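Take a look at the structure below.
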Amino acid sequence: MGTPRRLPDALQHAPFSRQQALDLGLTSRQLQHQRFERLFPTVYRFRGHPMSARDWVHAARLTLPPDAAASHQTRFVELGVEVGPLFPLHFTVARDLHLAADRDRLFLHRTLVMPRGDRAGVSVAAALVGAASLLRRLDIVSLADWALHRGHVHLEELRHVVDAEPWRPGAAQLKAALSMVDPRARSLPESQLRCLLVAAGLPRPETNADVHDASGRFLACGDLVYRWLRLLLEYEGRQHALDPYQFNRDIHRYAGLRDEAWRYLQVTAAMLGAPVALVRAVHHIMVRQGYDGPAPSFSGSAWLELFDTPDSWRHDRRWQGRATS
């Protein structure tokens, strides 16, 4: 077998359609070479190009008609955040459309009334409604916090869409979650931590609140703050350990808090993965700081609903073949 012709640069760094390849001089036979992988029926990638989440959304757009809009959690990938499973990718269309596509990679929702949107997909508010039909309440609150904090949507817009279109799958779930959202939350993990504490029945902490000493000198901005208990909770991502500047800044910050008799807890991803143990650890510190309120509960509806997956997705999967094949 001869040496394959050099691949045009335009096809090396992103997914491409069969027509794009033909326009650049490749043949159908050449696309069958092992250096290419077929992602969707008429969409390929060069195997030397690692696929990102955004690449997958782009690949889906290449196989779908222009009126199919990115929706649900897929809409947020190009905004820079992933919550819940990447696959299947979710798009919505306002007509009866059948596609020959991998059902595990692409799900096409059909609706009689298309939600508001633009060239990027359905509106962020509509995408949150759709995502709420698939994700846990813990995830949807975190995603709503993220979108609100960055100005992609406003709280009044979310309230309007769930009231104006209550028949959409996910509208009831999003409406139930809105009482827990907080636009001041800066990251998904701190949103998750706040949700865990509140759902377990502990008092709601302040979000991203400044802490000062008796003379008014700034000490820290805490992710979550129980000011009356002099307790600060911080999510410690990997950047805190890998960035020398941030690492040294944290050392001085925590020293200042200790000098003023503030307690703090550094929460990691592993701790978030054991939510009951984490909430109990926070409660233990709260008690030591003078908290005498109710202990956390892990059997109430607020806690259980935090981790529930909506029934609508399980229902949708039963007609998935009709929607995408």
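Some values worked out for this structure:
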{"quantity": "In Hz, Karplus ³J(HN,Hα) per residue of the range 223-231 (6.51, -1.76, 1.60; θ = phi - 60°; x = Gly, Pro)", "calculated": "4, 9, 10, 9, 4, 5, 9, 6, 10"}
{"quantity": "Cβ-based charge dipole, the chain, positive-most Cα from Ala164, Ala132, His212", "calculated": "Ala132"}
{"quantity": "Inter-part distance where the range 1-77 and the range 93-120 are each reduced to a Cα centre, Å", "calculated": "20 Å"}
{"quantity": "The chain, dipole about Cα centre (Lys/Arg Cβ +1, Asp/Glu Cβ -1), debye to the nearest 20", "calculated": "1020 debye"}
{"quantity": "Cα→Cβ-extended label distance, 7 Å offset, between Asp213 and Arg263, nm", "calculated": "2.2 nm"}
{"quantity": "Alpha carbon centroid spacing (whole Å) that separates the range 265-296 from the range 167-222", "calculated": "15 Å"}
{"quantity": "Stokes-Einstein translational diffusion, the chain - Kirkwood Rh over all Cα pairs, 1.306 mPa s, 10 °C, in µm²/s", "calculated": "71 µm²/s"}
{"quantity": "Additional length obtainable on full extension of the chain from Arg204 to Ile285, 0.36 nm per residue less Cα span", "calculated": "27.6 nm"}
{"quantity": "Added length on full extension, which subtracts the Cα-Cα distance from 0.36 nm per residue, Ala270 to Ser299", "calculated": "8.2 nm"}
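Read-outs throughout are calculated quantities, based only on the coordinates presented, and are distinct from any laboratory measurement. Remember, predicted model here, so these are calculated numbers, not experimental data. Reconstructed Cβ throughout: ideal geometry from the backbone, glycine too, with neighbour counts over all protein chains shown.
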